[in-house]
Amino acid sequence: MSSPTFPLETIRHSTSHVMAEAVSRVFPGAKFGIGPAIDNGFYYDFDLPRAIDPEQDFPAIEKEMRRIIADNAAFERIELSKADAKAMFLEQPYKLELIEGLEDGTISVYKQGAFADLCRGPHVGGTRDIKADSFKLMSTAGAYWKGDEKRPMLTRIYAVCFEKGVDLAAYLKMLEEAEKRDHRKVGREMDLFHLDEENPGQVFWHDKGWTVYRTIEDYVRRKIRANGYIEVKTPSVMPKSLWERSGHWAKYRENMFITESEKRHFALKPMNCPGHIEIFKQGIKSYRDLPLRMAEFGSCTRNEASGALHGIMRVRGFVQDDAHIFCTEAQIGSEVKEFVRLLKEIYADFGFGEDKIIVKFSTRPELRVGDDATWDKAESALADACKVANLAYEIAPGEGAFYGPKLEFTLVDALGRHWQCGTMQVDYQLPSKERLDAVFVAEDGTRYHPVMLHRAILGSLERFIGILIEHFSGAFPMWLSPEQAALIPVAGTFNEYAEKVAAELKAAGLRVSAELDDSRMNAKIRACQARKIPYMLVVGQKEADEGTVSIRLRDGRQLPAMNVADFVEYAKGKIASLSQEL
């Protein structure tokens, strides 16, 4: 008879209860907070009688967890009155506080063996429904009770958990590979950028990293120009009055850097949309001007908490490949369709085909501007546009922007991880009379407010580059690589020929270095492989006599020797086609 199957979230939450019981055995007197399931596992917050030592305590906790699983205790739901629940958790102050916050009535508790926990459920049938090799404790962190820095700091234990041990093993192997690909590590090894602890969330781009950055920026600029966008530039600092009218001052101020000059308040812009409306409002706009696609590589600054920063993936200062499309209601469908086509085309050029794109439709959040009727119209317009674009999506309730619903485009990388990048947002709010009052003149002379479509494809360029570094493990396709070829002489006597060939390749527009130091040829090859250079062109007597280069790829493969002109054409073809292959 086969074992019953349970949703993975249920397995993870049940395993968090098992971990809590095990912690109570290893740490007698422990006080318990909460223990929800999360992506890939779960966590549980504890107030422990002593500091936890993961190296020693994690194995002990996992050992107890396996004993609890082997006991095969049933998960039993018990329904209690509020008074009886308080009596059960009399020595657990955090549980008592949670109970106090519940409405009067029946309160559910789940028991496995002698251990009980306040919980709504559901759970697996018994502890043996959890596989003993399917979980692993991973790390600890400090967590304020209820996220309030004025409340006690608890110890949060994170764990990963899967239905089967083989799934856990695959995940741990992925984490090991992810550590090797970490963009901070690879970026340092390839000399792409650095981060300064004294200036958190700001990226210092080095020559090679800036080469990648500008290559991407130039590529996107070519694509949007070919697709009917104009490019603008708006100020980085704008007055409080503008942010008040846009709604950002009331809804987004905590994320903004505020400054003062001559008794006036200003803010570093966290986003570009109000500035684009200010440009739209200059002069009279006609229905003939719509749709107006206005793009900017907008430099934005957001006051992210230092603990939330992560390399170049999450920073305070960043640039978006941002654009706003001013259009009529009737044009929403065609503009969304055209945007989706362009987005898929660009993602494909970076190696992300349609099977690597996930779309979510994010609906109205609790904190928002505008009335429900306008939100109904915006959400309906975006849903209709998705039909026009033949775009499938998942619903993400409550995750829209404060001014409108949005589509979120998530990329799946080489390790199967998800990265949210592109967005498309339908906004009736900012251009309205109540906000920034943008208008256009219709064919009959009537004035209307345009609909504003906020859209980005890459999102933050800094974050997108971090994603690419980890996706490719630094081994960029040739068109993106900061160093595309290296000339390696077999001995110093061939340095002159190596320099000559390097000069010819540079003149043809290739990014090339000549490795002319005194180290041995094999050491130079290893160094170039470490720098992820796509092509290593080895030259010696034969090559100098024949005007050729021997071609070694960074993965160790070799191509037939070519004369210099043929290699130039070969390389330029790879670049022009944006080929993912060498």
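The values are calculated or read from the model by the stated rules, or taken from the named source; none is laboratory data. Here the structure is a predicted model, which means the values were calculated and not measured. In this analysis, Cβ positions are derived from the backbone assuming ideal geometry, glycine residues included, and neighbour counts consider all displayed protein chains.
From the set of residues in region 341-354 that are out of contact with any strand residue (DSSP E or B) (no Cβ under 8 Å at 6 or more places or on another chain) and without any contact (Cβ under 8 Å) to a residue 60 or more places away in the chain, which is nearest to Gly404 (Cα to Cα)?
That would be Arg341.
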Exercise. Could you say which residue among Phe89, Phe75, Phe162, Phe115 is among the aromatic types (Phe, Trp, Tyr), more than 24 Å from Glu9 (Cα to Cα) and either in contact with an Asp or Glu (Cβ under 6 Å, 6 or more places away or on another chain) or surrounded by 14 or more Cβ atoms within 10 Å (Cβ to Cβ) (or both)?
Worked result: Phe89
Exercise. Applying the selection to region 296-327, what residues are in contact with a helix residue (DSSP H, G or I) (Cβ under 9 Å, 6 or more places away or on another chain), in a strand (DSSP E or B) and either aromatic (Phe, Trp, Tyr) or closer than 21 Å to Ile467 by Cβ (or both)?
Worked result: Phe297, Gly298, His310, Arg314, Gly317, Phe318, Val319, Gln320, Asp321, Asp322, Ala323, Phe326
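Among the residues of region 369-378 satisfying the criterion of being crowded, with 19+ Cβ neighbours inside 10 Å and assigned to a loop (DSSP other than H, G, I, E, B), which is nearest to the chain's Cα centre (by Cα)?
Start the filter on region 369-378 by keeping residues that are crowded, with 19+ Cβ neighbours inside 10 Å, which leaves 369-370, 375, 378.
This time we only want the ones that are assigned to a loop (DSSP other than H, G, I, E, B), so: 369-370.
Working: Val369: 26, Gly370: 29 Å.
Among those residues, the one meeting the criterion is Val369.
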Exercise. Within region 465-474, is there a residue that is within 30 Å of Lys251 (Cβ to Cβ) and aliphatic (A, V, I, L, M)?
Worked result: yes
Exercise. In this structure, does Val388 turn out to be hydrophobic (A, V, I, L, M, F, W, C), surrounded by fewer than 22 Cβ atoms within 10 Å (Cβ to Cβ), touching a residue at least 40 places away in the same chain (Cβ under 8 Å) and in the same structural domain as Lys240 (by TED's automatic domain parsing)?
Worked result: yes
Exercise. Out of curiosity, is Met478 outside any strand (DSSP E or B) and closer than 30 Å to Arg222 by Cα?
Worked result: yes
Exercise. When you go through (1) within 30 Å of His418 (Cα to Cα); (2) in contact (Cβ under 8 Å) with a residue 40 or more places away in the chain one by one for Pro7, which number turns out not to apply?
Worked result: (2)
For this session: State all residues of region 126-151 that are of a type in the set (Gly, Ala, Ser) and exposed (fewer than 14 other Cβ atoms within 10 Å of the Cβ); if no residue qualifies, say none.
Result: Ser139, Ala141, Gly142, Gly147
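Suppose the filter is outside any loop (DSSP other than H, G, I, E, B), surrounded by 20 or more Cβ atoms within 10 Å (Cβ to Cβ) and not aliphatic (A, V, I, L, M); does Asp84 pass it?
Criteria not met by Asp84.
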For this session: Any chance you could count how many residues in region 491-535 are of a type outside the set (D, E, K, R) and either under 35 Å from the mean Cα position of the chain (by Cα) or closer than 23 Å to Glu569 by Cα (or both)?
Result: 21
Exercise. Of the residues Met256, Met294, which single one is of a type outside the set (Val, Ile, Thr), more than 18 Å from Met452 (Cα to Cα) and surrounded by 14 or more Cβ atoms within 10 Å (Cβ to Cβ)?
Worked result: Met256
Problem set entry | Members of region 548-582 that are surrounded by 17 or more Cβ atoms within 10 Å (Cβ to Cβ), part of a helix (DSSP H, G or I) and of a type outside the set (A, V, I, L, M) | Phe567, Lys574
For this session: Could you look through region 261-289, keep only residues that are polar (S, T, N, Q) and either under 17 Å from Ile325 (Cα atoms) or surrounded by 15 or more Cβ atoms within 10 Å (Cβ to Cβ) (or both), and pick out the one that is nearest to the chain's Cα centre (by Cα)?
Result: Asn272
For this session: Tell me, yes or no, whether region 11-21 has at least one residue that is at pLDDT 95 or above, of a type in the set (Gly, Ala, Ser) and assigned to a loop (DSSP other than H, G, I, E, B).
Result: no
For this session: Among the candidates Phe75, Phe42, single out the residue that is touching a helix residue (DSSP H, G or I) at 6+ places or on another chain (Cβ under 6 Å) and in a strand (DSSP E or B).
Result: Phe42
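Name the residue, out of Glu462, Glu504, Glu499, that is acidic (Asp, Glu), touching a strand residue (DSSP E or B) at 6+ places or on another chain (Cβ under 6 Å) and over 30 Å from Leu172 (Cα atoms).
Glu499
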Exercise. Are any of the residues in region 235-253 under 20 Å from Ile332 (Cβ atoms) and in the same structural domain as Ser306 (by TED's automatic domain parsing)?
Worked result: no
